[in-house]
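The structure under discussion appears below in the form of structure tokens.
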Amino acid sequence: MLWSLIKILVFVAAIIALTYGGTILMDLDGGLTVNTGIDEFTLEPIEVVFGLAAFVLAVWLGLKILAFLVAAFKFLNGDETAISRYFDRNRERKGYEALAEGMMALASGEGHLALTKAARAEKYLQKPRLTNLLIAQAAELTGDRKKAENTYKKLLEDSQTRFVGVRGIMKQKLADGDTDTALKLAEKAFALKPKHEETQDVLLRLQAEKSDWIGARKTLNTKLKTGTLPRDVYKRRDAVLALSEARDIIDDGKTIESREAAIEANRLSPDLIPAAVMAARGYMADGNARYATRVLTKAWNAHPHPDLAAAFAEIVADETPQARLKRFKALVKSSPDHPETKMLLAELHITAEEFPDAKRALGDLVETDPTARVLTLMAAIERGSGADDSVVRGWLTRALTAPRGPQWVCDNCHTVHATWAPTCSNCHAFDTLSWKSTPTSEVAMPAGTEMLPLIVGRDKETNPPATTELVEAEVVDGDRDQKRPEG
């Protein structure tokens with residue numbers, strides 16, 4: 001606004017100055033006399049000024065016309081001149097306009113228009129580095145996969161656009177489900193640009209899917225060094241990879257190496273439940289019950305879980321229900337109000353045939369968190385207390401339609417898994433399984449209920465059929481009624 005006002009004031013001042021100058025010139029006496037030999041002219045001062053201005057303008061125009069004639073002569077001889085540069089600038093302007101319009105069409109989802117504009121831009125610019133990418137993306141948008149792939153291959157020929165071409169073909173192979181080729185392309189893209197975060201993530205996911213744990217750990221280390229992954233997340237995921245490597249070593253029959261790898265995974269992430277379980281079993285195999293107890297207790301304090309309880313029960317295989325109950329109380333003393341602790345103590349009291357204590361151990365879970373496992377335990381308590389069959393069947397009926405409680409659920413696609421795995425079996429995302437409740441009841445039976453026979457043992461002398469058979473029957477019925485989701 002201020003600048004516009006200044007320009008207006010300058011314009012008005014110039015008009016006033018010219019008017020004032022013209023007035024002075026008109027009031028001056030004398031002038032300029034021009035004698036041609038034949039005629040004699042006398043010019044007023046203002047006429048002299050206008051005549052000089054016209055002469056200067058004529059000279060300037062003459063020089064421009066002469067320069068144009070010289071440039072036209074050179075142009076006809078094939079030399080680069082201002083005329084050729086003018087046409088080049090005009091073509092470049094049209095090319096960049098077409099390129100900009102093509103990018104806008106691509107962003108708007110108009111694939112065919114984007115292809116048309118890309119072809120026009122290529123015609124004027126002759127710069128495939130700029131136009132090929134637009135052509136490839138527009139072809140993908142229109143569904144012309146072959147044209148897109150051929151264009152990406154053209155980008156491979158230039159070192160400056162090679163990464164873009166490799167990445168484009170890699171994404172196509174991923175969309176086609178060709179993970180073997182996609183993995184090789186991801187490795188190539190990673191070699192070209194190791195700091196590219198998306199490429200790091202794709203390579204890590206594919207390596208984990210192919211069980212290339214060593215390669216995945218190297219990729220994960222690169223993510224840490226390049227700053228694309230926080231250190232705490234790196235430590236957990238490195239532990240997940242170490243644990244997965246340990247499980248593969250177990251499958252190969254290398255017992256000692258698997259124990260060392262499991263212990264390393266637990267060291268990297270003590271709260272990782274599968275790592276704690278495997279490390280504890282490794283210590284137990286070495287006869288080191290004290291270290292196994294320490295590992296499981298530390299993991300339980302961080303996150304109580306039925307798998308930890310099952311492993312803790314294995315430390316002492318042959319013990320009375322009362323002795324087992326006493327030993328477990330040392331495990332759960334740090335989290336007495338946790339639902340898992342309450343259900344675990346209830347199960348142990350049931351095994352010891354202390355049914356009133358089992359009911360007190362459950363507390364208010366029947367009202368606050370009535371999962372299938374809680375209601376099944378109530379049915380076992382009622383059966384052990386001598387209640388009528390109708391009462392027991394009432395609890396079991398409620399259990400069949402109740403939420404199944406926490407399970408291994410993928411944070412990415414929400415697929416339920418019966419056991420923990422490093423990658424989701426549905427979406428193949430890496431390290432996305434969390435122990436949590438699902439929003440619906442159409443899920444698998446909780447692992448904690450299935451682990452009850454392991455916690456209390458299978459010996460008939462220490463496991464009354466009235467309780468364990470009831471729980472196992474409910475699990476079978478529940479699986480028949482609620483279909484376990486695939487993956």
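Bear in mind that the values in this text are calculations on the coordinates, not laboratory data. Remember, predicted model here, so these are calculated numbers, not experimental data. All Cβ positions, glycine included, derive from the backbone under ideal geometry; neighbour counts span all protein chains shown.
Which shape class, rounded, prolate or oblate, goes with the range 88-181 when its Cα gyration tensor gives a ≥ b ≥ c as root eigenvalues, a/c under 1.5 marks rounded, and past that a/b bigger than b/c marks prolate? Since a/c reaches 1.5 but b/c is at least a/b, the shape of the range 88-181 is classed as oblate.
For Q407, the residues whose amide H sits under 5 Å from its own are K436, S437, T438, ignoring neighbours fewer than 5 places away on the same chain, with H placed 1.01 Å from N. Charge tally for V366 (other residues, Cβ to Cβ under 13 Å; Lys, Arg +1; Asp, Glu -1): +1. The length gained by stretching the chain between H414 and F73 to full extension, at 0.36 nm per residue less their Cα-Cα distance, is 115.2 nm.
Rounded to the nearest angstrom and ordered from largest down, what semi-axes does the equivalent ellipsoid of the range 150-302 get from its C-alpha gyration tensor (root of 5λ)?
Listed largest to smallest, the semi-axes of the range 150-302 are 38, 16, 10 Å.
Stretching the chain fully between T181 and K218 yields a gain of 11.3 nm (0.36 nm per residue, less the alpha carbon separation). Between S4 and T226, full extension at 0.36 nm per residue minus the direct alpha carbon distance yields a gain of 74.9 nm.
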